[in-house]
1. Counting only other residues whose beta carbon sits under 12 Å from that of A185, what net charge do I get with K and R as +1, D and E as -1?
2. Whole-Hz ³J(HN,Hα) for each residue in segment 117-130, computed from phi via Karplus 6.51 cos²θ - 1.76 cosθ + 1.60 with θ = phi - 60°, x for glycine and proline: what do you get?
3. Once amide H atoms are built 1.01 Å from N in the peptide plane, which residues 5 or more positions from G90, or in another chain, come under 5 Å H to H?
4. So, taking all protein chains as they sit and a 1.4 Å probe, how much accessible area belongs to K14, in Å² rounded to tens?
5. Lys and Arg at +1, Asp and Glu at -1: add these up for the other residues within a Cβ distance under 14 Å of F35 and post the number.
6. Would you mind counting up the charge near T128? Only other residues with Cβ under 11 Å from its Cβ, with Lys and Arg at +1 and Asp and Glu at -1.
7. Using the alpha-carbon centroid of each, what span in Å lies between segment 1-57 and segment 70-140?
8. With a cut-off of 8 Å between alpha carbons and a minimum separation of six or more residues, what is the relative contact order of the chain in percent?
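The values are calculated or read from the model by the stated rules, or taken from the named source; none is laboratory data. Just so it is clear, the structure is predicted and the values come from calculations on it, not from any experiment. Ideal geometry is used to build each Cβ from the backbone, glycine not excepted, and the neighbour counts take in all protein chains shown. SASA here: full protein model, heavy atoms, side chains in, ligands and nucleic acids out. Shrake-Rupley method; radii C 1.70, N 1.55, O 1.52, S 1.80 Å.
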Amino acid sequence: MKAETTSWSSWRSKEVLVREAGETGPIPLQIRGVFGAYVVASAVQRTDSTVAHGISYRVWGADKRRVILPAGYNSLDISRRSVGSSSSSGIGPWKVTRLADEDVHLAVGRMAGRGPWVLRLADGSAKTLRVVWNQGKSPGCLTLFRAGSGAGEELSEPQHTREAIRVTGPGYLLLDADRWTLDIA
């Protein structure tokens, strides 16, 4: 049975509380931007006495981007930004959707994608990921998010266009490149 989907939307910049009290581990999210501008979404850990900012994601135009709210952060600060010298902050509301595990593809077999994407590692068995970034022309970035990894573990090498990376789940993989192919063994 599919879990109930939670989402937030606004025409303004706003901070949304994503993590419920007592929850741990990374949370997969999908962000839809706004036409004619871009949105910056930053992970925030807010307590009674402190505010700490973490990883930030940018979504250009009305594109959709899948991201991770890392373990240890409880909210997402969404800022609408104008492009260039324009005073317009875009048309339409942004939207953040919390994804259930069944909404995130399981990393198995051969996969290919465009742009940033999130995949799920289901169990604790070791897997080898063979990645080709941008058709072998330029590097990409692979980050593993687990319950204890906080901001995530970057696993890719900054200058490599083809890599073999050993991982153990459970967790989420964030692949960030214009194009990527992935073989999982």
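1. Taking every Cβ under 12 Å from that of A185, the sum is +3.
2. 8, 10, 10, 10, 9, 7, 10, x, 6, 6, 9, 9, 9, 9
3. Amide H to amide H, under 5 Å and 5 or more residues apart or across chains, G90 pairs with nothing.
4. 90 Å²
5. +4
6. In short, +1.
7. 13 Å
8. 25 percent
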